[in-house]
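Notes for the one structure printed next.
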Amino acid sequence: LVDNPQQIEKPHSQWLIPSTHRSRKNHDKHGLRPVIWADLDNPTTTIEQTADIVRGIIGGCDFEVYASSSATADKQKCRILVPVKRGMPPGQWLLVSEVFLAKLEAAGIEADPASKVLGQVLYLPNRGKFYGKASARNGDLFEPLDTWGLEIEQRAAELKRQAEEQKQAQEAARTRREALSASRSTSGFRSPIEAFNAAYDVSEVLTRNGYAQRGETFRHPASATGNYSARVRIAAGGDRRVHSLSTSDPLYTGGKGGDGAH
């Protein structure tokens, strides 16, 4: 298809989820993933320039780069596919994908973070007004676990640090809650919301209500994509608030953060 793309309207074009798991659900638990990939929606490079950068990142191994159906000669939107030597389970694949996108960013390429979502579909080649492609097909498949071993370990360690930070915040909230319970008093708080937030950490509220945690990010229970789209951040006033980017998340606030009580 890279060499001979389909040419149909996007709603009817072919797509895939690069996984051996044959369902739209539970991609965070099942299947091996034999491809890492990236979408470039706002490129400043041509297809060939993008391909040269990919060659440098993966050391000349096999890859495909092809224009998106909405690409133009002036803005060559494209998709990068890199087949890997060994299929990876979901957690490992997420780490590798994050390292890949970080390496693209370091090389001046901003990729859509949606390609890190386990259940995200990718569209197969579809010719639009402009179509370009570049490939390497020598049978030399990339082995990210060996090549990027240090970066993957560092990313895993960062996630562990983030998770520990969330745990410490929950323990601090638990200590405050016990103190409030012992005193049976909420005096000194301007509102019940302030008292609640002093007693409960927002990450604790999330996990108690079925949110899965990965570092400082969270996935809501009804997620169909497996995306960890909610993140706990410290607001200007020092409060910890949750920001969710998923419109299907009950806590979606259009980019505005909400605290535990809200």
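The values are calculated or read from the model by the stated rules, or taken from the named source; none is laboratory data. This structure is a prediction, so every number in the text was calculated from the model and none was measured. Virtual Cβ from ideal backbone geometry, glycine too; neighbours counted across all protein chains shown. Quick note on the areas: whole protein, heavy atoms, side chains included, nothing else; ligands and nucleic acids left out. Shrake-Rupley method; radii C 1.70, N 1.55, O 1.52, S 1.80 Å.
Per-structure values
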quantity: Scan of segment 9-25 for residues that are assigned to a loop (DSSP other than H, G, I, E, B) and either hydrophobic (A, V, I, L, M, F, W, C) or touching a residue at least 40 places away in the same chain (Cβ under 8 Å) (or both), ordered by number; calculated: S13, Q14, I17, P18, S19, T20, R24, K25
quantity: Yes/no for E98 being open to solvent by less than 50 Å² (accessible area, probe 1.4 Å), among the charged types (D, E, K, R) and within 29 Å of R219 (Cβ to Cβ); calculated: yes
quantity: Residue, farthest from P83 (Cα to Cα), within segment 10-67, restricted to residues that are aromatic (F, W, Y) and open to solvent by less than 10 Å² (accessible area, probe 1.4 Å); calculated: Y66
quantity: Number of the condition not met by L118 [criteria: (1) open to solvent by 10 Å² or more (accessible area, probe 1.4 Å); (2) in contact (Cβ under 8 Å) with a residue 60 or more places away in the chain; (3) in contact with a helix residue (DSSP H, G or I) (Cβ under 6 Å, 6 or more places away or on another chain)]; calculated: (1)
quantity: Contacts under 9 angstrom Cβ, first residue in segment 92-104 being under 11 Å from A38 (Cα atoms) and part of a helix (DSSP H, G or I), partner among the charged types (D, E, K, R) and open to solvent by less than 20 Å² (accessible area, probe 1.4 Å), 6 or more apart; calculated: S97/R33
quantity: Hits in segment 64-118 (condition: of a type outside the set (A, V, I, L, M, F, W, C) and within 19 Å of G215 (Cβ to Cβ)); calculated: P89, P90, G91, Q92, S97, E98, E105, P113, S115, K116
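Rundown of residues vs (1) at pLDDT below 95; (2) of a type outside the set (D, E, K, R); (3) farther than 16 Å from K116 by Cα, yes/no style:
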site	(1), (2), (3)
D3	no, no, yes
Q14	yes, yes, yes
R22	yes, no, yes
L81	no, yes, no
